[in-house]
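The values are calculated or read from the model by the stated rules, or taken from the named source; none is laboratory data. The structure displayed is predicted, hence computed values, not measured ones. Using ideal geometry, Cβ is built from the backbone for each residue, glycine included, and neighbour counts are taken over all protein chains shown. The area values use the complete protein model at the heavy-atom level, side chains included, leaving out ligands, DNA and RNA. Shrake-Rupley method; radii C 1.70, N 1.55, O 1.52, S 1.80 Å.
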Amino acid sequence: MSQVGTLEAGSRHDLRVGVSPDAPDESQVLDESEGAFGYAHSYETASRYDGPGLRVVLWLSGCLLRCSYCHNPDTWHLKDGTYVSAQHVIDRLGAFAAALRALDGGLTISGGEPMVQLAFTRRILAGAKRMGLHTAIQTSGYLGDRVDDRFLSCLDLVLLDIKSSDPETYRVATGRELAPTLRFAERLAAVGKPVWVRFTLVPGLTDDPANVDGIARFVAPMKNVEWVEVQPFHQLGAFKWKAMGLDYRHVNTSAPTPDLINRVLEQFRAAGCRAR
Ligand code: SF4
């Protein structure tokens, strides 16, 4: 049984490993005791990037994907996170609630993958809603089949990573199947849940024009998709792969050029998406 700890403000770029060595494996469906406790990496208090307005961003532990360009491999395993109570997280959030409301912001839960610890995530989102905060998650959608209407009712926005439109490219990039993500996107469209689609542009991996067009054509008819955000690959997480002794495939991958970013943005816009 992991020791209950406290979560301190930090950054997505902090390296945190081996904090809770007794944690279960993230591939198990957790008995979460209705989400009273869970594993978290850190939280940031002033993001203007992960949803509208000023955001607190909570980085949860646990992810079943293994994206070759992931900048936070220290969020893959529950054992690398701090075991905390949901109430502790909600109390920390409460200290910022007035400022977040005043600046039209709220809470974004990212990771890792928030759906690995579904009940824990839902409990924190519900706590944020009780404070009158806008709520969002960032997710790959891979575990979207686990989500019920109760979970969706706590959410104002989904930042949905669609990493590829080609199943083979998706598998090479993430080690998993694409279909659950597309299924989740279609479900969010069917219920009209606001979505910002996020696409990580990795030269030599996801930049093929046909791959981009495939995402654009899939997303364009979805009225609930407010934005497509193109996220350029960067090397800020490379040091974590090295520190954790992981085999990093992108040592020699460059950030996309402005011309490539513009080409991809124009592909999305030509299909009818609002893209930035
Ligand atoms: S889904 Fe996110 S956290 Fe998981 S491996 Fe991919 S980039 Fe990393």
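Values of log10 I(q)/I(0) for the stretch 4-124 across q = 0.09, 0.13, 0.14 Å⁻¹ run -0.22, -0.46, -0.54, by the Debye formula with one identical scatterer at each alpha carbon and no solvent. Taking only Cα atoms, what is the 0 to 90° angle, nearest 10, from helix 209-219's long axis to the longest principal axis of the chain? With rounding to tens, the tilt is 60 degrees. Start at zero, step by 10 Å, and the Cα-Cα distances of the chain spread as 7, 30, 37, 22, 4, 0 percent across the bins. Projection of the Cα convex hull of the stretch 105-156, averaged over all directions and equal to a quarter of that hull's surface, yields 3.2 nm². For the stretch 207-276, the dipole from Cβ point charges (+1 on Lys and Arg, -1 on Asp and Glu) about the Cα centre works out to 180 debye, to the nearest 20. One quarter of the surface of the convex hull around the alpha-carbon atoms of the stretch 134-263 equals 8.8 nm², the direction-averaged projected area.
Calculated [222 nm] ellipticity per residue, helices only, for the chain: -8500 deg cm²/dmol; basis is -39500 (n - 2.57) per DSSP H run with n ≥ 4, divided by all residues, nearest 500. Each of 272, 224, 243 was placed along the dipole of the stretch 137-276 (beta-carbon charges, centred on the mean Cα), and the one lying farthest toward the positive end is 243. Inter-label distance, residue 254 to residue 150: 5.2 nm, where each label sits 7 Å from its Cα along the C-beta direction. With K and R counted +1 and D and E -1, the other residues having a Cβ less than 13 Å from that of residue 166 yield a net charge of -2. In the frame of its principal axes, the stretch 216-276 has Cα extents of 43, 25, 15 Å, reported largest first. Evaluated over the chain, the count of Lys pairs having alpha-carbon atoms less than 27 Å apart is 10 (only pairs 8 or more residues apart or interchain). Overall, the ratio between the Cα radius of gyration of the stretch 41-81 and 2.2 N^0.38 Å, rounded to two decimals, is 1.30. Rounded to the nearest 20, the Cβ-based charge dipole of the chain about its Cα centre (Lys and Arg +1, Asp and Glu -1) stands at 540 debye.
Inter-label distance, residue 8 to residue 223: 4.9 nm, where each label sits 7 Å from its Cα along the C-beta direction.
The portion of the accessible surface of the stretch 60-165 made up by carbon and sulfur, rounded to a whole percent, is 51 (1.4 Å probe; DNA, RNA and ligands excluded).
For residue 37, the residues 5 or more places off, or on other chains, whose built amide H falls under 5 Å of its own are 86.
Around the amide H of residue 275, modelled in the peptide plane, lie the amide H atoms of 228, all under 5 Å away and 5 or more residues distant in sequence or on another chain. Amide H contacts of residue 159: 137, 138, 139, 196, each under 5 Å away and 5 or more positions distant or on a separate chain (H built 1.01 Å from N in the peptide plane; Pro and chain starts excluded).
Heavy atoms of the protein chains alone define the surface here; on that basis the chain has 42 Å² accessible area per residue at 1.4 Å probe size.
How much FRET efficiency would the formula 1/(1 + (r/R0)^6) give for residue 187 and residue 66, where r is the Cβ-Cβ distance and R0 is 25 Å, rounded to 0.05? Step by step, r from the Cβ atoms, then E = 0.55. Full extension of the chain between residue 236 and residue 95 gives 47.8 nm of extra length, using 0.36 nm per residue less the Cα-Cα distance.
Radius of gyration over Kirkwood radius for the stretch 1-67, both on Cα atoms: the Rg/Rh ratio is 0.98. DSSP assigns beta bridges within the chain; of those with both partners inside it, close to 25 percent run antiparallel.
Taking all Cα pairs closer than 8 Å and separated by 6 or more residues, the relative contact order of the stretch 26-148 comes to 31 percent. State whether the stretch 48-118 is rounded, prolate or oblate according to the following rule on the C-alpha gyration tensor (a ≥ b ≥ c being the square roots of its eigenvalues): a/c under 1.5 gives rounded; otherwise a/b larger than b/c gives prolate, and the remaining case gives oblate. Oblate shape, in that a/c is at least 1.5 and b/c is the bigger or equal ratio.
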